[in-house]
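What follows is a short report on a single structure.
The values are calculated or read from the model by the stated rules, or taken from the named source; none is laboratory data. Just so it is clear, the model here is predicted, and its values are computed rather than measured. Counting neighbours? That spans all protein chains shown, and the Cβs are built from the backbone with ideal geometry, glycine included. What goes into the accessible areas is simple: the full protein's heavy atoms, side chains included, and nothing from ligands, DNA or RNA. Shrake-Rupley method; radii C 1.70, N 1.55, O 1.52, S 1.80 Å.
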Amino acid sequence: MPSAADNGPATAAPEGTAATADAERPLPKSIELMWGLAPAGTRGPRRGLSLEQIVDAAIELADEEGFAALSMNKVAERLGFTAMSLYRYVDSKSTLVEIALDRVLGTPPETPPGTPWRAVLHEWAWAEYRLIAKHAGWLSVRMTAPPLGPNNMAWLEAGLSALGQTRVPEPIKMQLVVNLTLFVIGRARLVTEIDPANPESEGDWDILERVIDPERFPAVTAAMRAQAFEQEDGSWEDLFFERSLGLLLDGYERLIESYD
């Protein structure tokens, strides 16, 4: 009878087992639909319904009424179908949301070959910012995992490609691109939630100046006395996006130079 030690090599996991298991694991329905790896749905009760129409209707609904108003029933009503009809094309609301989130992002801007990386990322950031602002209702969607749709991958490809002309290691390139898109999302959320036309958005700094202790908060007091919190006329986007974007890319430039 062979010993336990003899059985050791025989029971060791074959090389590549984990990778093979991942390859055999069924893909999420949203991935199959976004990447064209599954049928778009069976024929509905009436002609004219498609996955594209369902996604477009969901986007329109969230744009007009906010993401909280999005439901399969409301999407179906817009299309003149029942909610059950939609399930022939998309298996759940969460799947629909994933597909719609990828759709609203659109595709990244095209830049001529050889364009300096900073110019590419500057245009990339502004284009993403404008698209998100156009569909601001989707900012309230809770992200539980990295988006994996084709449009999101196109944006990632464009960002990484811009940094391809540098000597920055691949993991750092990924961090820079992800950090840039998080910056864009954060700024878009801020501008969406703060309306510069609303006097209350400016904050009542006069009250704060009356109650704050200059000895405890000397830096804040100095900023208030210099009117650092005042919004500049006609520079809302410049103050809350362009200027901050420039500072961020300045930092990227210093980092990239360190690898030369």
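Results for (1) at pLDDT 90 or above; (2) in contact with a helix residue (DSSP H, G or I) (Cβ under 9 Å, 6 or more places away or on another chain); (3) charged (D, E, K, R), shown as yes or no for each residue.
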residue: MET1; (1), (2), (3): no, no, no
residue: ALA4; (1), (2), (3): no, no, no
residue: THR17; (1), (2), (3): no, no, no
residue: GLU24; (1), (2), (3): no, no, yes
residue: TRP35; (1), (2), (3): yes, yes, no
residue: LEU51; (1), (2), (3): yes, yes, no
residue: MET84; (1), (2), (3): yes, yes, no
residue: ARG88; (1), (2), (3): yes, no, yes
residue: SER92; (1), (2), (3): yes, yes, no
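Of the residues making up the range 54-73, those that are surrounded by fewer than 19 Cβ atoms within 10 Å (Cβ to Cβ), in a helix (DSSP H, G or I) and touching a helix residue (DSSP H, G or I) at 6+ places or on another chain (Cβ under 6 Å) are ASP63, ASN73. Which residue is farthest from GLY66 (Cα to Cα), if the candidates are limited to the range 135-148 and must be open to solvent by 90 Å² or more (accessible area, probe 1.4 Å) and modelled with pLDDT under 90? The qualifying residue farthest from GLY66 (Cα to Cα) is PRO146. Tallying residues that are open to solvent by less than 30 Å² (accessible area, probe 1.4 Å) and in a helix (DSSP H, G or I) within the range 101-116 yields 3. Scanning the range 79-100 for residues that are outside any loop (DSSP other than H, G, I, E, B) and surrounded by fewer than 21 Cβ atoms within 10 Å (Cβ to Cβ) yields a count of 8.
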